[in-house]
Every structure is written in C-alpha cells, then in structure tokens.
Amino acid sequence: MKIGFKLFASLTDYLPSDRKGNRVELEVGEGATISELIARFNVPERSAHLVLVNGHFVPPAQRTSRHLVEGDELAIWPPIAGG
Amino acid sequence: MAWNRKLLRVNLTQGTCKEEPLNMEWANEYLGSRGLAAKYLVSEIDPKVDPLSPDNKLIMATGPLTGTMASTGGRYTVSCKGPLTGAIACSNSGGFFGAEMKFAGWDMIIFEGKSPKPVYLFIENDKAELRDASHLWGTSCWHTEEQIKADHQDPLIRVSSIGKAGENQVLFAVVINDLHRAAGRSGVGAVMGSKNLKAVAIRGTKGVSGVKDFPAFLKATQDAKKVLADNAVTGQGLPKFGTQVLMNVINEIGALPTRNHRDVQFEDAAKISAEAMHEKRPTDGKTHLITNAACFGCTIACGRISQIDKDHFTVKNSPQYWGASGGLEYEAAWALGAANGVGDLEALQYANLLCNEQGMDPITFGATVAAAMELYEMGILTKEQIGIESPFGSAAALAKFAEMAANGEGFGKEIGMGSARLCEKYGHPELSMSVKKQEFPAYDSRGIQGMGLAYATSNRGACHLRGYTVASEVLGIPVKTDPHVTDGKAELVKAFQDATAVFDAAGICVFTSFAWTLADVQPQLAAACGPEWTMEKLNEVGERIWNLERQFNNAAGFTAKDDNLPPRLTTEPAKTGPAKGLVNQLDKMLPEYYKVRGWTPDGVPTSETLARLGL
C-alpha cells in the first residue's frame with residue numbers, strides 16, 4: 001500500500017537525497033506501524049517528537065501499535081515551537 | 001534592586017524632561033514593564049480618552065531583568081490606549097534599545113501632551129532633551145536611525161522610531177527599534193506620531209546596578225541559560241529554523257487561516273515555510289535565509305536575517321532592498337502569505353521589508369489585505385477603486401498594497417484603517433477577522449479551540465502573545481492537550497495569560513517559556529529584586545496585571561459582548577483537514593473562563609477578586 005511520509009525541520013536530512021520538498025511517497029507492507037517507519041529512516045526516536053497521521057496527533061505510546069492504512073499521511077517533527 | 005528607581009517624564013506640549021522617582025510600591029505590586037506601565041497608565045489617563053489626542057500617554061518601560069545578564073533580558077514595552085482597538089495597548093520588543101534605556105539609568109519614559117513640531121528625545125545617561133526632528137519627519141525608520149547616529153557621530157546610539165505609517169497615523173503603525181525589531185501591535189506607533197514624536201535615541205554607559213544578590217543572580221541566570229541550551233526547542237529548533245518552522249505544522253493540523261479564514265489549509269504553505277527559507281532558489285542558487293540573529297542577552301537567537309532575490313519583480317529596480325535584513329518570522333509570513341493566498345516567498349519578504357522600513361504591523365496589514373481581497377472577489381471593491389486587480393493569491397497586489405499603505409497613498413489610506421473599519425465602511429463588518437478590532441494572528445481557532453478563548457478575552461484584542469495555548473494544544477509544551485476539545489481550556493487559557501504577564505513584566509522574552517516555567521524565572525527575579533519574589537507572589541502579580549488591564553477596558557466601555565469571535569469562526573465549519581466540520585465553541589468556554597477568573601457572568605471582576613488582588 002502507498003502512504004505519504006513527511007519529515008520536517010532538522011529531520012529533513014533523513015529523507016532520501018533525491019526528495020522534492022519534505023514529502024516522499026512510500027510503498028509499505030499492510031499493517032506497517034509508525035515506529036517501523038521511524039526506524040526505517042533512521043530517525044532517532046527521541047527526535048520524533050510531534051507525530052501526526054493525517055494531521056491528528058499520535059501519542060508516543062501508540063507509535064508501535066498504530067497501523068497505517070492506504071493513503072495515510074505520516075508527518076514527523078523534532079521538538080519545535082514558534083509564535 | 002534591579003530597578004534604576006527612576007523614570008523620565010517628558011511633556012511634549014511644554015518641551016520639558018523631568019526625572020521622577022519610580023513608584024516602588026507599585027513596582028512591588030506590578031514588577032515592571034507591561035505591569036508597571038499599565039499601573040501608571042491606568043492611574044494617569046481617562047480610559048475614555050481619544051487614543052490619538054494629546055491626552056493619551058505613551059509609556060516606554062523596561063523590567064527589572066532588562067539589561068541584565070538574564071537570557072533574553074533585552075525586552076521593553078510600549079504602552080498606551082491603542083488607536084486600533086480602543087483598549088489598553090502594550091507592545092513588546094526585543095533588540096537592544098530596552099537594555100540601552102536601562103544602561104542610561106532609566107526604568108521608564110512617560111510621554112504626555114503633543115509637541116507643536118516634530119521632535120525626537122535624545123538621552124545620554126542622565127541628560128535628556130528634546131531635539132528638532134524636522135529633518136527626519138517624512139523619512140523611514142531605517143533612515144531615521146542612520147541619520148541620528150550620523151548627527152551625533154555615535155554609531156552606538158540605540159534608536160526607536162516611527163516611519164511614515166506612524167506619522168500618517170496608520171492605525172496599526174508600530175515603533176521600530178534596531179532596524180527590524182518592533183513594538184508591533186495595536187497601533188502604538190500612531191500614538192507616537194500623533195504626539196509629533198519621531199524617535200527616541202539613547203546612549204547609556206552605566207550598566208545595570210543594584211542587583212540585590214549578585215552571586216545568587218550569577219548562579220540563577222547561568223542555571224536558567226543551561227535549561228535553554230539543553231532544551232531541544234530553545235537550544236536547537238528556534239535558532240536553526242526560527243518561528244517559521246510552524247508553517248507546515250499548523251497547516252498539517254488544519255489551523256492555518258487561509259484567504260481571510262475562508263480555508264484552514266494553504267496549498268502553498270510549504271513554499272513559504274522555514275524549510276523553504278533553507279532551500280536554494282532556482283533563480284539565483286542562493287538560500288533566502290542568510291543567518292539567524294539574537295537580541296540583547298539572548299541565548300536562543302530565533303531571529304531571521306534574509307536576502308531577497310535581486311531579480312524578483314518587487315525589487316528589480318530597487319537596490320535599496322537587496323541587502324540582508326530582518327524576516328521572515330512566522331506571523332509575518334502567514335499574514336502576508338497564507339492569509340492572502342500568496343505563495344511567493346520573495347513577495348512576502350518585500351512586503352515585510354516595507355513594514356519594517358515605514359513601521360507597520362505585518363499581521364494587521366496582511367489580514368487587512370486579506371479582507372480587501374475578499375471584498376474584491378465579491379465585487380464590492382473594484383479595480384478602479386483600488387488601483388490594481390486584487391484577487392486572492394496576487395503577489396503583485398500584495399506588493400502594491402504594501403507600497404500604498406506605507407506611503408499613505410490612494411487605497412493604502414483605507415488599508416491603514418485596519419480590517420474592521422474597512423469592512424464596516426463597505427457594508428460587511430463580518431468579514432473582518434478580528435477581536436476588538438485587532439486582527440487574528442496565524443492560528444485558526446476552529447482547529448485550536450483554546451486559542452478562540454484566548455483571542456476573545458485578550459486584553460489588547462486578538463493576539464497570540466497574551467495566552468499562547470498553541471504550545472500545549474499543538475506542540476505539547478508543557479503537556480499535550482487535545483486542540484479539538486473545549487474541556488479544561490478555560491483553566492489553560494487563564495494559566496497562560498497570567499504567566500505570560502509575568503514574563504512580560506520581568507523584561508524577558510516569552511519564548512523562554514518554551515523551556516522555562518515560572519519556577520525557572522523566580523530564582524532570577526528573587527536574586528535580582530529580593531527574596532520576597534516568591535512563586536506565590538509571581539502568580540499573584542500575573543493575575544493582578546491581567547485584572548488591571550481588564551478593569552481599564554471595562555472602564556473604556558468594553559463589555560462581555562466584546563469577548564467575541566467573528567461569525568465565520570463560530571458558524572462556518574472548517575472545510576478540510578483534521579478540524580473539518582468544526583467551528584469554535586467559544587460559547588462553551590467563555591462562561592467557564594469568567595468563573596475561573598472570579599468574574600461575574602458579565603465579565604466583570606467581582607469585588608472579592610479585586611480585594612484578593614489588592615485592586
């Protein structure tokens with residue numbers, strides 16, 4: 001199945017070098033979890049601070065159990081703030 | 001004591017500058033800066049005064065930590081009754097001017113009356129005098145600063161000034177210091193202009209004396225700096241990406257107000273984001289961002305210094321804009337960009353440069369352009385009236401509006417009224433995205449419920465810096481709360497509002513609160529000002545400041561009816577994203593908020609609350 005995978009701010013460097021912008025489209029196995037994708041791209045767990053699926057916040061405790069489905073957009077930020 | 005214990009009272013009508021002792025009884029109750037200035041203002045002006053009349057007063061104030069070695073201790077505030085809102089105004093700025101005021105030996109400057117001719121105030125330590133500014137009137141903030149330094153043959157003078165916008169009394173004119181730091185909201189620059197006060201120039205060489213317990217202060221400030229350095233947000237995220245890092249986050253959660261809040265997500269958000277500022281431009285192979293920058297004493301350094309593409313249509317024939325300069329910060333990038341549907345980063349920076357050069361608030365300016373673009377798309381405004389085709393997304397229209405508003409030309413004069421008056425004039429007051437006539441910043445309260453309450457109850461009109469619940473509702477600071485629910489938001493908003501008032505009053509930057517709590521500030525204040533500055537006292541001072549500001553607004557004629565949001569946000573559901581189908585449920589939160597505040601159902605502090613706070 002296909003999902004959208006986005007890394008932002010300092011995590012951008014963990015995306016493939018041929019990326020355009022901050023999003024890549026991925027082919028993943030059925031039932032893939034957020035933690036699996038974080039590991040696949042070598043994103044340090046503690047840097048994956050803000051995790052959103054389709055814009056909805058996913059608490060850290062659910063990253064290993066939350067299964068992605070076709071068309072999901074997974075977006076991850078390190079600790080950030082502004083104003 | 002880290003106060004200098006003296007203020008300067010400048011009577012512009014009479015042309016006099018007089019030293020007065022600072023009211024230390026009030027300093028003990030309101031700390032400094034925003035709090036203490038509010039106390040002086042409330043005590044000295046009629047709340048119903050015309051903000052642009054000589055009877056309004058303008059106060060520049062520092063806090064006890066301003067100018068000290070506390071991180072971010074460079075802040076000062078500009079307070080008055082605001083001409084955009086009619087409410088109490090207090091705009092906060094960084095840079096180096098505030099610290100210089102403290103170094104010259106002053107805690108505060110109170111301006112009253114109106115000068116018969118343009119003047120600027122020159123301060124050199126104890127010496128203070130009004131000088132002729134006729135050669136500066138009609139020029140920009142950038143020129144004014146350069147000229148004053150040249151006139152005095154001293155490049156170390158720090159300058160706060162108004163540009164043409166303040167002179168023309170644009171209702172969202174700002175006071176600019178250090179070229180691109182701004183006391184930015186509510187039109188404090190217009191009040192300065194109404195007094196024929198062009199600038200304040202200060203050279204201070206005294207340093208800050210009187211820190212109560214210096215060894216303890218040294219330790220407290222070092223400990224607190226370590227907290228900032230070790231925190232991933234203040235130690236890494238903000239220095240590298242600045243506030244602009246929020247653009248993609250807020251868009252992703254569906255709370256990025258777009259096209260005058262018609263939409264909550266912007267298809268070109270990525271093009272105007274922090275990440276885009278780091279990318280090389282296809283046109284010249286250079287990045288938009290040149291470097292980050294810090295204000296006085298700041299160990300975060302979130303500021304952006306950028307360089308516009310010299311071949312961009314906005315500046316191709318204007319080399320004066322080719323140099324590196326301030327911006328873009330998130331609020332400006334949103335207001336000039338997503339709010340208008342403009343996804344051209346260079347055009348946003350051009351408009352931002354004009355705002356800094358001539359002294360305009362880019363939030364209210366951009367949001368007013370958004371309202372004008374909606375009126376244009378509805379056929380209410382025409383190309384003949386405006387001077388240019390102005391659909392959403394037009395970078396050319398944005399640039400033209402910025403030029404016209406900055407110079408007070410043509411339709412720019414109408415932009416200069418702000419969106420509430422503009423929309424009222426053209427028969428659609430509901431299209432002004434504002435509270436108390438001040439425009440929203442960059443968060444749509446349909447997707448972040450608590451911000452709706454924070455906006456509605458902000459004492460200076462819609463504002464993110466009076467109660468930034470985005471930190472909790474979106475970013476998880478200090479704890480994550482659900483942005484779509486209303487339960488608990490009354491308490492959350494009150495907690496943010498009261499704590500922020502203390503950060504402001506202390507003379508430090510509110511961005512420290514991404515890493516610090518009041519428990520990190522308290523040891524610094526106790527060492528600087530005395531052990532009586534306990535956590536309990538700080539919490540009380542924050543709440544006291546909030547209630548004092550509220551009392552001023554109530555006396556000025558505001559009521560609970562003004563604690564409201566435009567109907568678009570409470571009746572038109574978000575169209576896309578995670579908040580799709582939601583409106584802001586202010587009606588659920590507001591009664592609870594009044595209760596938590598100890599106010600009547602009509603939004604008036606009860607006698608018990610006033611007595612508890614010593615008001």
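Quick notes
- Unique residue being within 14 Å of another protein chain (Cβ to nearest Cβ), among the aromatic types (Phe, Trp, Tyr) and out of contact with any Phe, Trp or Tyr (no Cβ under 6 Å at 6 or more places or on another chain) when the list is B:Tyr330, B:Tyr350: B:Tyr330
- Only residues that are surrounded by fewer than 24 Cβ atoms within 10 Å (Cβ to Cβ) and over 20 Å from B:Asn177 (Cβ atoms) were counted across segment B:324-374, and they come to 4.
- Residue match in segment A:39-48 (condition: at the interface with chain B (Cβ under 10 Å from one of its Cβ atoms), part of a loop (DSSP other than H, G, I, E, B), under 13 Å from the mean Cα position of the chain (by Cα) and under 16 Å from B:Gly476 (Cα atoms)): no
- Residue ID - nearest to B:Gln524 (Cα to Cα), chosen from residues in segment B:39-67 that are in contact (Cβ under 8 Å) with a residue 60 or more places away in the chain and of a type in the set (S, T, N, Q): B:Thr66
- Taken over segment A:1-19, the criterion of being assigned to a strand (DSSP E or B) and among the basic types (Lys, Arg) is satisfied by A:Lys2, A:Lys6.
- Of all the residues in segment A:68-83, those that are in contact with a helix residue (DSSP H, G or I) (Cβ under 9 Å, 6 or more places away or on another chain) and more than 10 Å from chain B (Cβ to nearest Cβ) number 3.
- Qualifying residue in segment B:209-218 (condition: in a loop (DSSP other than H, G, I, E, B), more than 25 Å from B:Ile448 (Cβ to Cβ), of a type in the set (S, T, N, Q) and not assigned by TED's automatic domain parsing to the domain that holds B:Ser325): yes
So that you can scan it fast, the table gives a plain yes or no per residue for (1) within 17 Å of the chain's Cα centre (by Cα); (2) surrounded by fewer than 24 Cβ atoms within 10 Å (Cβ to Cβ):
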{"position": "B:Glu424", "(1), (2)": "no, yes"}
{"position": "B:Gly427", "(1), (2)": "no, yes"}
{"position": "B:Leu431", "(1), (2)": "no, no"}
{"position": "B:Lys436", "(1), (2)": "yes, no"}
{"position": "B:Tyr443", "(1), (2)": "yes, no"}
{"position": "B:Arg446", "(1), (2)": "no, no"}
{"position": "B:Gly452", "(1), (2)": "no, no"}
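- Helices (runs of 4 or more DSSP H) wholly inside segment B:1-105 containing at least 1 residues that are of a type in the set (Val, Ile, Thr) and outside the structural domain of B:Trp533 (by TED's automatic domain parsing): B:33-44
- A single entry from B:Lys280, B:Lys271, B:Lys240 fulfils the requirement of being basic (Lys, Arg) and more than 12 Å from chain A (Cβ to nearest Cβ): B:Lys280.
- Count of residues meeting criterion [in contact (Cβ under 8 Å) with a residue 40 or more places away in the chain and either within 16 Å of B:Ala579 (Cα to Cα) or in contact with a Lys or Arg (Cβ under 7 Å, 6 or more places away or on another chain) (or both)] in segment B:472-487: 4
- Selection from segment B:217-236 of residues that are more than 11 Å from chain A (Cβ to nearest Cβ) and either among the aliphatic types (A, V, I, L, M) or closer than 12 Å to B:Trp516 by Cβ (or both): B:Leu218, B:Ala220, B:Thr221, B:Asp223, B:Ala224, B:Lys225, B:Lys226, B:Val227, B:Leu228, B:Ala229, B:Asp230
- Of the set (1) in a helix (DSSP H, G or I); (2) under 19 Å from the mean Cα position of the chain (by Cα), all apply to B:Ala199 but (1).
- Members of segment B:119-130 found to be outside any loop (DSSP other than H, G, I, E, B) and either crowded, with 16+ Cβ neighbours inside 10 Å or of a type in the set (S, T, N, Q) (or both), listed by number: B:Val119, B:Tyr120, B:Leu121, B:Phe122, B:Ile123, B:Glu124, B:Ala128, B:Leu130
- Residues that are touching a Ser or Thr at 6+ places or on another chain (Cβ under 7 Å), surrounded by fewer than 18 Cβ atoms within 10 Å (Cβ to Cβ) and not charged (D, E, K, R), drawn from segment B:573-598: B:Gly598
Each row is one residue, and each column tells you yes or no for (1) within 11 Å of chain A (Cβ to nearest Cβ); (2) in contact with a strand residue (DSSP E or B) (Cβ under 7 Å, 6 or more places away or on another chain); (3) crowded, with 24+ Cβ neighbours inside 10 Å.
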residue	(1), (2), (3)
B:Ala462	no, yes, yes
B:Gly467	no, no, yes
B:Glu473	yes, no, yes
B:Ile477	yes, no, no
B:Thr481	yes, no, no
B:Gln497	no, no, yes
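- Taking first residues from segment B:376-389 that are more than 17 Å from B:Lys425 (Cα to Cα) and partners that are at pLDDT below 95, no Cβ contact under 6 Å between residues at least 6 apart in sequence or on separate chains turns up.
- Condition met for B:Asp520 (at pLDDT 95 or above and in contact with a Cys (Cβ under 8 Å, 6 or more places away or on another chain)): no
- Only listed residue being touching a Leu at 6+ places or on another chain (Cβ under 6 Å), closer than 23 Å to B:Gly447 by Cβ and modelled with pLDDT of 95 or more, chosen from B:Val541, B:Val502, B:Val583, B:Val493: B:Val493
- Among the residues of segment B:425-460, the ones that are without any contact (Cβ under 8 Å) to a residue 12 or more places away in the chain and within 14 Å of chain A (Cβ to nearest Cβ) come to 0 in all.
- B:Val159 vs. criteria farther than 28 Å from B:Arg421 by Cα and either buried (at least 20 other Cβ atoms within 10 Å of the Cβ) or not hydrophobic (A, V, I, L, M, F, W, C) (or both): yes
- Condition met for B:Gly410 (without any contact (Cβ under 8 Å) to a residue 40 or more places away in the chain, part of a loop (DSSP other than H, G, I, E, B) and on the phi > 0 side of the Ramachandran plot): yes
- Qualifying residue in segment B:148-156 (condition: within 23 Å of the chain's Cα centre (by Cα) and crowded, with 21+ Cβ neighbours inside 10 Å): no
- Residue count for segment B:113-133, restricted to those that are closer than 29 Å to B:Ala505 by Cβ and touching a Leu at 6+ places or on another chain (Cβ under 7 Å): 6
- For B:Gly254, the requirement of being within 21 Å of the chain's Cα centre (by Cα) and surrounded by 24 or more Cβ atoms within 10 Å (Cβ to Cβ) is not met.
- Within segment B:320-351, the set of residues being part of a helix (DSSP H, G or I), under 22 Å from B:Gln438 (Cβ atoms) and in contact with a His (Cβ under 9 Å, 6 or more places away or on another chain) comprises B:Glu331, B:Ala339.
Condition check ((1) more than 11 Å from chain B (Cβ to nearest Cβ); (2) exposed (fewer than 12 other Cβ atoms within 10 Å of the Cβ)) across all residues:
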position: A:Lys2; (1), (2): yes, yes
position: A:Arg23; (1), (2): no, no
position: A:Val28; (1), (2): yes, no
position: A:His56; (1), (2): no, no
position: A:Pro60; (1), (2): no, no
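The values are calculated or read from the model by the stated rules, or taken from the named source; none is laboratory data. A quick note: this is a predicted structure, and the numbers were derived from the prediction, not measured. Note that each Cβ is placed from the backbone with ideal geometry, even for glycine, and that neighbours are counted across all protein chains shown.
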